[in-house]
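Chemist: One structure, as structure tokens, below. Some questions next.
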Amino acid sequence: MSFFDHQALISSEMAPTWAKEFSSNEFLYLKHVINGLINNSGGFEDFLIEVDGNSKTLHIYEPFTSLNFLGYLSPSVVSIKFISEKTVKFLTGDDNGIGIHSSRLQESEEIKLPNNLTDNICLWHFIDSIGNAYPDHYE
């Protein structure tokens, strides 16, 4: 069963209630991704997320608000699903209303998590996995 939360910045002092659903490395990756999205959103203070601990999945609604601000195209919704301690799949959807277990989500191949779970590396791993750079980024 999943639950919703408006997730603000995550501090080192107080983990959100959903943190217990994930291993320490999985949570660290998610923390860096969410904080990176908030810090690069152009003014948003939180993101609506949906968490399902049984499937080790965190679903982010409207991540494009940050990725567009950074110059990348992004899906409307993204699920981060941990396959193992070292691998993840991203499931993406093109409609803001698509939920965590929708059959409309498109699944990526299995992707290795970064070796170094730092804030910038985790955020850019996420962006590189789901975002598309605008053409002028390639020049």
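Chemist: Starting from the Cα gyration tensor of the chain, take the square roots of the eigenvalues, sort them a ≥ b ≥ c, and report rounded, prolate or oblate (rounded when a/c is under 1.5, otherwise prolate if a/b is larger than b/c, else oblate).
Modeler: rounded
Chemist: Moving on to the next point. Considering only C-alpha atoms, what is the centroid distance from segment 1-41 to segment 79-139, in Å?
Modeler: Answer, in whole Å: 15.
Chemist: Over segment 1-63, what is the relative contact order in whole percent, taking alpha-carbon pairs under 8 Å and six or more residues apart?
Modeler: The normalised contact order for segment 1-63 reaches 46 percent.
Chemist: So for each of 79-92, 2-15, 111-124, 53-66 I average, over its residues, the number of other beta carbons within 10 Å; can you give me the resulting order with the highest mean first?
Modeler: 53-66, 79-92, 111-124, 2-15
Chemist: Note the full-extension length gain between N96 and T17 as 0.36 nm times their separation in residues minus their Cα-Cα distance, in nm to one decimal.
Modeler: Gain on extension, N96 to T17, equals 26.0 nm.
Chemist: If you filter segment 23-72 for GluC sites (Glu not before Pro), then keep DSSP loop positions with at most 14 other Cβ within 10 Å, what is left? The partial results should precede the final answer.
Modeler: Numbers: sites: E26, E45, E50; in loops: E45.
Answer in residue order: E45.
Chemist: What is the extension gain from I121 to I83, computed as 0.36 nm multiplied by their sequence separation minus the C-alpha to C-alpha distance, in nm to one decimal?
Modeler: 11.7 nm
Chemist: Now, a different point. Take every Cα pair under 8 Å in segment 2-139 that's 6+ residues apart, average their separations, divide by the length, and report that relative contact order as a whole percent.
Modeler: 22 percent
None of the figures in this text is laboratory data; all of them are computed from the coordinates on show. Note that the coordinates shown come from a computational prediction; the quantities given were computed from them, not determined experimentally. Note that each Cβ is placed from the backbone with ideal geometry, even for glycine, and that neighbours are counted across all protein chains shown.
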